[in-house]
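Any read-out appearing in this document is the output of simple, stated calculations on the displayed coordinates, not a laboratory observation. Every value quoted in this text rests on a predicted model; they were computed, and no experiment measured them. Here the Cβ positions follow ideal geometry from the backbone for every residue, glycine too, while neighbour counts run over all protein chains shown.
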Amino acid sequence: MTAASSGTVLVLNSGSSSLKYQVVAPSSGEVLASGIVERIGEGSGHVKHVAHGAVVKREQPVADHAEALRLVLALFDEAGPSLADAGVRAVGHRVVHGGALFSAPVVVDDAVVEEIRSLIPLAPLHNPANVTGIEVARELLDVPHVAVFDTAFFASLPPAAATYAIDAKVAAEHGVRRYGFHGTSHQYVSAAVAAHPAVSSRTVGRPGPLRQVVLHLGNGASASAVLDGVAVETSMGLTPLEGLVMGTRSGDLDPAIVFHLVRNAGLSVDEVDTLLNKGSGLKGLAGVNDMRELQGLIASGDSQAALALEVYLHRLRKYVGAYAAVLGGVDVLTFTAGVGENDARVRAGVVAGLGFLGLSVDPALNDERSSEARVVSPDGSAALVMVVPTNEELAIARQTLELARR
Ligand code: ADP
């Protein structure tokens, strides 16, 4: 059976100034086409469409998301494959914030669009673009549309993990709680770990639930603790700012730093927001947000870059230790996303000193380059360390087609 005949999904990821897309076959994972429109609304748009092994690029202004999607659809017509030939049965939308309203993917109707819009105060940077993307796509594409939420996997967090210790009435009134993000990735990766032969064979006969820690280390970064497939802790909170040191986000800090900067540094609340979300993390410490560039600076003897990596690794070790306490031990620690999948030094740096938890890497296995899910801890270790490539688009496509077929 071809990908097209068993049905494919157009996955759309609308950012504030970008639109990423993929046509994916949920059954095989085959990507029939993919692309990105960047710098939407910025005067000099950039479009890239990849299909049939060929790349089509355009430089042209793209006024808004409606124009971006029209442009993408025109490219499918011109450069192929046509959406009909590709067997597109549904559109899957990545939506960043589902708030307390959505704990699972949902078929989009007018009421769902309004509910996602109502969550804009919780995600002012992300949800507006998600709403626009859904509205435009529903106008242009007459197939079922499904919203898949980045927060949904973490709807299962126990109250003790989801609750911030602030005035309970204020929190309830303003939706202040831990929601967590990157949920599609943590769910996909933790399920792939559980299904991996090295893990499934190991758990046979072993009493107790499977205790996993997943580190999603991309430009954004987050950790999760997963007990038998259910998320019980995660590092991102009300917004994606909390937790690990990221490319441009600070992660955890004393909340009073915000008051201090507003009172004493002459910064407005919006300026502090921008500082912590866009000008902090590795970029704030070392001037670059990209891990490859940071490693290059370290190799050239840049001491500030070396410090940035130490801060990054220290935070990660703290989280793994904390999650081991939450889970009562760790069976599998898994690295995923751009840094987690590719940077052996970061993986080795995280587990250095975590031998007391049974966590270590085999240098040869850890240094091997591969795009497969794999074990990098030494044979016979008390706990496994794994590298599992994430695939959020495939996860969204699978959830979308399943709902669209019902
Ligand atoms: P996002 O989806 O959050 O934008 P990715 O998951 O693509 O991010 O991860 C981007 C990060 O992965 C960047 O910091 C980049 O430097 C890092 N990365 C990608 N390839 C490598 C590599 N070979 N070695 C080290 N870091 C890498």
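Could you state the per residue volume, in Å³, of the convex hull enclosing the Cα atoms of the stretch 323-404?
In the stretch 323-404, the Cα convex hull volume per residue is 114 Å³.
Where nothing but the Cβ of Lys and Arg (+1) and of Asp and Glu (-1) is charged, how large is the charge dipole of the stretch 271-406 around its Cα centre, in debye to the nearest 20?
The dipole of the stretch 271-406 has a size of about 280 debye.
Would you list, by chain and number, the lysines whose Cα falls below 20 Å from the Cα of Lys48, excluding same-chain residues fewer than 8 positions away?
Lys20, Lys57
Take each of the peptides 274-281, 39-46, average the number of other beta-carbon atoms within 10 Å over its residues, and list them starting from the highest.
274-281, 39-46
Using only alpha carbon pairs under 8 Å that are at least six residues apart, calculate the relative contact order of the chain and give it in whole percent.
15
For the residues Tyr319, Tyr164, what sequence is obtained by ranking on other C-beta atoms within 10 Å, fewest first?
Tyr164, Tyr319
Using unit Cβ charges (K, R positive; D, E negative) and no other charged atoms, how large, in debye to the nearest 20, is the dipole of the stretch 70-186 about its Cα centre?
Taking the Cα centre of the stretch 70-186 as origin, the dipole is about 480 debye.
Which lysines does Lys318 reach when only Cα atoms under 29 Å apart count, and residues fewer than 8 places away in its own chain are ignored?
Lys278, Lys283
Considering the dipole of the chain built from charges on the beta carbon (Lys and Arg +1, Asp and Glu -1) around the Cα centre, which of Asn277, Ala221, Val88 is farthest to its positive end?
Ala221
Per DSSP H run of n ≥ 4, the term is -39500 (n - 2.57); total these for the chain, divide by its residue number, and report the mean residue ellipticity at 222 nm rounded to 500 deg cm²/dmol.
Calculated at 222 nm, the ellipticity per residue is -12000 deg cm²/dmol.
Using C-alpha positions alone, give me the convex hull volume of the chain per residue in cubic angstrom.
Spelled out: Cα convex hull of the chain, divided by residues, is 167 Å³.
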